[in-house]
1. Using a Förster radius of 22 Å, what is the FRET efficiency between residue 67 and residue 24 based on their Cβ-Cβ separation? Nearest 0.05, please.
2. Hey, what angle do you get for helix 4-28 against the long axis of the chain, alpha-carbon based, 0 to 90 degrees rounded to 10?
3. For every helix of n ≥ 4 consecutive DSSP H residues, a contribution of -39,500 (n - 2.57) applies; sum these over the chain, divide by its total residues, and give [θ] at 222 nm rounded to the nearest 500 deg cm²/dmol.
4. Given a cut-off of under 8 Å on Cα pairs at least six residues apart, what relative contact order in percent is computed for segment 4-85?
5. Just to be sure I understand the curve: with the Debye formula and one point per C-alpha of the chain, what is log10 I(q)/I(0) at q = 0.20 Å⁻¹?
6. Rounded to a whole number, what is D in µm²/s for segment 1-42 from Stokes-Einstein with the Kirkwood radius over alpha-carbon pairs (4 °C, 1.567 mPa s)?
Amino acid sequence: MVAISDILLGAAAAFIVTSLVGVFRIVRGPTMPDRVIAINIIGSNVVIVIALLAAAIGETGALDIALVYALLNFLLSIAISKFTVERGGVL
């Protein structure tokens with residue numbers, strides 16, 4: 001029988017693979033908004049992976065780290081967007 005922790009670890013691996021697609025979009029993205037969205041997606045995936053790993057290993061302290069990282073990811077997206085708008089990078 002498959003343990004719940006194995007399912008959670010498999011889901012975390014799937015989100016890591018999804019993040020690799022975001023890395024491709026950061027490198028090849030034709031516009032700056034594409035890159036900002038890809039960075040935000042990768043940050044969100046990291047938060048999900050941390051939460052899944054915390055649930056799989058039973059470490060509740062990691063959920064606090066995921067929450068702080070989610071807030072930092074949001075602030076990073078806002079900062080990059082503001083910087084892009086100020087430089088006239090938005091079409």
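1. The formula returns an efficiency of 0.20 here.
2. With both axes taken from Cα atoms, the answer is about 20 degrees.
3. Taking each H run of at least 4 residues, the total per residue is -30000 deg cm²/dmol.
4. Working: 76 pairs, mean separation 27.3, N = 82.
Reported relative contact order: 33 percent.
5. The Cα Debye sum returns log10 ratios of -0.93.
6. Rounded to a whole number, D works out at 114 µm²/s.
Read the figures in this text as sums done on the coordinates, not as results from a lab. Everything quoted here is computed from the prediction, not taken from an experiment. Counting neighbours? That spans all protein chains shown, and the Cβs are built from the backbone with ideal geometry, glycine included.
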